[in-house]
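**Q** This is the structure I have questions about; it appears just below.
Only the coordinates and a few stated rules stand behind these numbers; no lab work does. Computed from a prediction, not measured in an experiment: that's the story for all the values here. Because the Cβ atoms are built from the backbone with ideal geometry, glycine has one as well, and the counts that use them run over all protein chains shown.
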Amino acid sequence: MQTSLFRHATFTRFWVGDIASVLANQMLVLAVGWQIYDITNSAMSLGLVGLAHFGAQFLFTLPAGHAADRYDRRYVAALCQWIQCAVGLTLAAGNYAGWINSEIIYASVVLTGIAQTFQNPAMRSLLPSLVGEALLPRCIAFHGAAKKTAVIVGPALGGVVYLWGASAVYASSAVCFAVAGAIILCIHSTFVRRNHEPATLQYVLGGLHYIFGKPIILGAITLDLFATLLGGAVALLPIYARDILQAGPLGLGLLRTAPAVGAVLASIYLVRWPMTHSVGKILFVSVATFGITTIVFGFSTWLPLSLLALAIMGMADMVSVVIRSSLVQLETPADMRGRVSAVHSLFTGTANHLGQFESGITAAWWGTVPSVVIGGIGTLVVVGLWLRWFPDLIRREAISVRRE
């Protein structure tokens, strides 16, 4: 499967460009998280980082979907990379010159959030045009493995580079963003705007209407949304690294890496043995596993156990991602993929950042450990409710390929 994909230069460029972008983002996220907590010494500040990113995504998701369906997706994605490159250079300069503060960091997070909001639907809706639909579920798993490898390397590399200061991390991130933009721009793909409807409110909201008209897709997306919203342990990793596990910046890099290690292992398995039946049951089991391992991580005061819990959490999350993403892409018409992918990002991507805010708030109110444990318990409650409210989802046997 890998050979057939890499025989095509277009997919290879897409793959390398996206990996470079993920690597850059992971280094940026690590530096921002560590530095904002170091400046403010407040769990609430970590939550505000998530809120800033969520606000940007919430406000710009629908316009981003419209842009992905109306303009060449390569140009949209490349421009977003270069905007994030500029953010990284600004933060590097601010640290080097000594004028960095929390307000500048929050403003940078907002700008980065806007760029990623436009980038995500453009990249997601570009992928199906580069590979055949029959290969897409395995391609998502393979591509996910590579992206998670970047998630492994990014935080670990960022933790090491941070030993030379925050400026070094931000500058390294900026270089990777610049490279990603250049590579994405070199992808050979003919953009055809199939839908010539005027940009009315009804057109922009088309992705939202489509998802709400598909109960199985709606159930899968919202299950992930609430699980991510409640299970936001990753947002509090700087606190665990410094105050609970006493592992320092390098330990923070390892903690951020652990879920990605689990995700890579799950992706490798799914590439070799793709899911062919009982995908609904597998989805619910994976989300329940995510909740259980969140609880284990919350109580852990031993670094190896914490890393193991996070790794299993990453495995469960990757299984959920492959099922959900395959359903969304394969059952969506090509001329709507941008808008539907944007709404998909709104439900899933913003949940990460809103969950970060929720974790910061509850950690400030009740303490770090209770915040994480309650989130894991809440995830299990959501699984039980969705079993009752979306019975067709658990009965789903296979990921069927939609024929246009």
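**Q** Quickly rank 220-232, 157-169, 72-84 as a protection proxy: mean count of other C-beta atoms within 10 Å, highest first.
**A** Ranked from most to least packed, the peptides come out as 220-232, 72-84, 157-169.
**Q** Taking 41 Å as R0, compute the FRET efficiency from the Cβ-Cβ separation of residue 285 and residue 96 and round it to 0.05.
**A** My answer for the efficiency is 0.25.
**Q** Taking the mean number of other Cβ atoms within 10 Å as a proxy for protection, how do you rank 91-98, 121-128, 175-182, 107-114 from highest to lowest?
**A** 121-128, 175-182, 107-114, 91-98
**Q** Okay, moving on. If you split all Cα-Cα distances of the chain into 20 Å bins from zero, what percentages do you get per bin, shortest first?
**A** Reading upward from the zero bin: 28, 62, 10.
**Q** Within the chain, which DSSP H helices have Cα atoms that stretch 18 Å or more along the helix axis and a mean Kyte-Doolittle hydropathy of at least 1.0?
**A** Taking the DSSP H segments of the chain (at least 18 Å long, mean hydropathy at least 1.0), we get 136-161, 166-185, 215-230, 248-272, 279-299, 303-330, 368-389.
**Q** Sticking with this structure for a sec: Give me the percent relative contact order of the chain, please, defined on Cα pairs under 8 angstrom at least 6 residues apart.
**A** 29 percent
**Q** For the ranges 13-24, 366-377, 261-272, what's the packing order if you count other beta-carbon atoms within 10 Å of each residue, average per peptide, and put the highest first?
**A** Packing proxy ranking, top to bottom: 13-24, 261-272, 366-377.
**Q** May I ask for the net charge around residue 227, where only other residues with Cβ less than 13 Å from the Cβ of residue 227 are counted and Lys, Arg are +1 while Asp, Glu are -1?
**A** Net charge in that neighbourhood comes out at -2.
**Q** Starting from the Cα of residue 301, step 7 Å along the direction of its Cβ; do the same at residue 41; then give the gap between the two resulting points in nm.
**A** In this crude label model, residue 301 to residue 41 measures out at 2.2 nm.
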